[in-house]
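A.B. asks: Handing you this structure, nothing more for now.
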Amino acid sequence: GAGVSQSPSNKVTEKGKDVELRCDPISGHTALYWYRQSLGQGLEFLIYFQGNSAPDKSGLPSDRFSAERTGGSVSTLTIQRTQQEDSAVYLCASSFVPDTQYFGPGTRLTVL
Amino acid sequence: QQQVKQSPQSLIVQKGGISIINCAYENTAFDYFPWYQQFPGKGPALLIAIRPDVSEKKEGRFTISFNKSAKQFSLHIMDSQPGDSATYFCAAQNTGNQFYFGTGTSLTVIP
């Protein structure tokens with residue numbers, strides 16, 4: 001079956017521009033996570049959605065980052081006024097049960 | 001603050017050898033410990049996982065050893081193969097369903 005998909009796969013933007021990254025989770029998965037993976041680093045938790053509950057935004061690094069999940073399915077991560085330090089791979093994962101995450105291929109963001 | 005500490009950063013093993021990657025944590029609220037395998041250009045994929053009520057879990061060539069009192073867990077890859085060459089991440093999940101990842105180990109298996 002279809003896995004987690006993310007788009008775009010690559011995004012190059014100029015400093016100060018806004019970007020939107022999209023995640024399509026596996027159908028029926030109630031939980032959705034966003035992570036940031038910088039070169040040579042582990043995965044940094046950004047935000048977690050579970051069903052209709054308020055999202056856990058505790059990992060968002062600044063108020064330039066926001067995310068929403070519409071209809072309990074597709075999620076969009078928005079970065080406003082991008083900075084060069086935002087350059088990273090942004091990974092989305094979904095799960096049906098709390099412990100088994102399925103990751104998408106990621107979006108590689110480059111801020112010039 | 002790194003909640004899960006992983007070592008080594010990189011590892012080179014001969015084909016047929018044993019690869020060992022170690023992780024340590026501090027938060028006793030963690031109750032699920034997965035290992036992920038990531039190939040270049042791909043997202044991480046769940047490899048094997050353990051809960052703290054057991055000390056070892058084996059799936060094929062992959063084994064997790066878990067030491068609750070020491071707050072350490074490790075991944076052992078037996079009979080390592082060139083196809084195992086990838087980056088491996090350990091992780092820990094707390095009761096709030098939040099995951100904390102190690103910084104990754106780049107494994108190279110030499111034919």
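The values are calculated or read from the model by the stated rules, or taken from the named source; none is laboratory data. Bear in mind that the values here come from a model prediction, so they are computed numbers and not experimental data. Backbone-built Cβ (ideal geometry, glycine too); neighbour counts: all protein chains shown. When the accessible area is computed, the model is the full protein with side chains, heavy atoms only, and any ligands, DNA or RNA have been set aside. Shrake-Rupley method; radii C 1.70, N 1.55, O 1.52, S 1.80 Å.
A.B. asks: Scan region B:78-87 and give yes if some residue there is modelled with pLDDT of 95 or more and within 14 Å of chain A (Cβ to nearest Cβ), otherwise no.
C.D. replies: yes
A.B. asks: Right, something else. Go through B:SER106, B:SER19 for me and flag whichever is more than 10 Å from the chain's Cα centre (by Cα), within 14 Å of chain A (Cβ to nearest Cβ) and modelled with pLDDT of 95 or more.
C.D. replies: Sole residue among the options that is more than 10 Å from the chain's Cα centre (by Cα), within 14 Å of chain A (Cβ to nearest Cβ) and modelled with pLDDT of 95 or more: B:SER106.
A.B. asks: Counting just the residues of region A:15-42 that are within 14 Å of A:THR107 (Cβ to Cβ) and among the hydrophobic types (A, V, I, L, M, F, W, C), which one comes out farthest from the chain's Cα centre (by Cα)?
C.D. replies: This residue is A:VAL19.
A.B. asks: Consider A:TYR33 carefully, then state whether it is under 18 Å from B:LYS42 (Cα atoms), within 14 Å of another protein chain (Cβ to nearest Cβ), touching a residue at least 12 places away in the same chain (Cβ under 8 Å) and not acidic (Asp, Glu).
C.D. replies: Criteria met by A:TYR33.
A.B. asks: I would also like to ask the following. Going by what's in this entry, would B:VAL13 be described as open to solvent by less than 20 Å² (accessible area, probe 1.4 Å), touching a Pro at 6+ places or on another chain (Cβ under 6 Å) and either outside any strand (DSSP E or B) or among the β-branched types (Val, Ile, Thr) (or both)?
C.D. replies: no
A.B. asks: Considering A:ARG64, A:ARG81, which residue is at positive phi, away from chain B (no Cβ under 12 Å) and of a type in the set (Lys, Arg)?
C.D. replies: None of the others qualify; the one that does is A:ARG81.
A.B. asks: Also, quick follow-up: Does region B:85-104 hold any residues that are part of a strand (DSSP E or B) and open to solvent by 50 Å² or more (accessible area, probe 1.4 Å), and which are they?
C.D. replies: B:TYR100, the sole residue that qualifies.
A.B. asks: If you don't mind, there's one more thing I want to ask. Any idea which residue in region A:74-112 is farthest from A:LEU32 (Cα to Cα), counting only those that are touching a His at 6+ places or on another chain (Cβ under 9 Å) and not hydrophobic (A, V, I, L, M, F, W, C)?
C.D. replies: In this case the residue turns out to be A:TYR102.
A.B. asks: Taking the options A:SER5, A:SER62, A:SER53, name whichever one is hydroxyl-bearing (Ser, Thr, Tyr) and closer than 27 Å to B:SER106 by Cβ.
C.D. replies: Exactly one residue qualifies, and that residue is A:SER5.
A.B. asks: If you check B:PHE30, B:PHE39, which single one turns out to be more than 13 Å from the chain's Cα centre (by Cα), closer than 16 Å to B:LEU107 by Cβ and in contact (Cβ under 8 Å) with a residue 24 or more places away in the chain?
C.D. replies: B:PHE39
A.B. asks: Same structure again: Determine which member of the set A:ALA67, A:ALA31, A:ALA2, A:ALA54 is at pLDDT 95 or above and among the small types (Gly, Ala, Ser).
C.D. replies: A:ALA67
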